Amino acid sequence: MSDQLALENQVCFPIYALAREIVNHYRPFLDELDITYPQYLVLLVLWKETELAVGQLGERVFLDTGTLTPLLKRMQQKELVSRQRSTQDERIVMVSLTPKGIKLKEQACSIPQKLMESMQVTPEELNLLKEVVCRILNKQK
């Protein structure tokens, strides 16, 4: 029974360690853009969606509003996003990209390839990993 509680027998530990390792591989590429990993996630969503409410954005990047709001304030100070109250419901804050945030996409385009090279994995290996992780995440919703 105690073997089940050994760290090396836990499924969660290598996943946790891998998540940290992947973020560490992102760091030098994101440092060049002067953004953090959570800011990168926000930008990835906004490069596709253009404008979202803070709550919708939080759902997409798995961050609560208490974490997301200060992150968005820092991004606004860097002139990457703008935040404005909705005209239909002033309780809702809408987030959209600024021209500087839109332009940053050009510089970020090479990050996925650089990441694979840094981690020394193939696109197929990453897709397999992503598929399994997404299957687990979707079962928890």
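The values are calculated or read from the model by the stated rules, or taken from the named source; none is laboratory data. Given the structure is predicted, the values throughout are model-derived calculations rather than measurements. Methodologically, a virtual Cβ is constructed for each residue, glycine included, from the backbone with ideal geometry; neighbour enumeration extends over all protein chains shown.
General observations
- Of all the numbered requirements in (1) out of contact with any helix residue (DSSP H, G or I) (no Cβ under 9 Å at 6 or more places or on another chain); (2) not assigned by TED's automatic domain parsing to the domain that holds Leu137, Arg20 misses one, and that requirement is (2).
Here is a yes/no grid of residues against (1) within 25 Å of Leu137 (Cα to Cα); (2) of a type outside the set (D, E, K, R):
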{"position": "Glu32", "(1), (2)": "no, no"}
{"position": "Glu59", "(1), (2)": "yes, no"}
{"position": "Leu63", "(1), (2)": "yes, yes"}
{"position": "Gln77", "(1), (2)": "no, yes"}
{"position": "Glu90", "(1), (2)": "no, no"}
{"position": "Lys100", "(1), (2)": "no, no"}
{"position": "Gln107", "(1), (2)": "no, yes"}
{"position": "Ser110", "(1), (2)": "no, yes"}
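- The set of residues in the range 49-82 being under 25 Å from Glu106 (Cβ atoms), at pLDDT below 95 and among the charged types (D, E, K, R) consists of Glu49, Glu51, Arg60.
- Scanning the range 106-126 for residues that are under 17 Å from Ala19 (Cα atoms) and among the hydroxyl-bearing types (Ser, Thr, Tyr) returns a single hit, Ser118.
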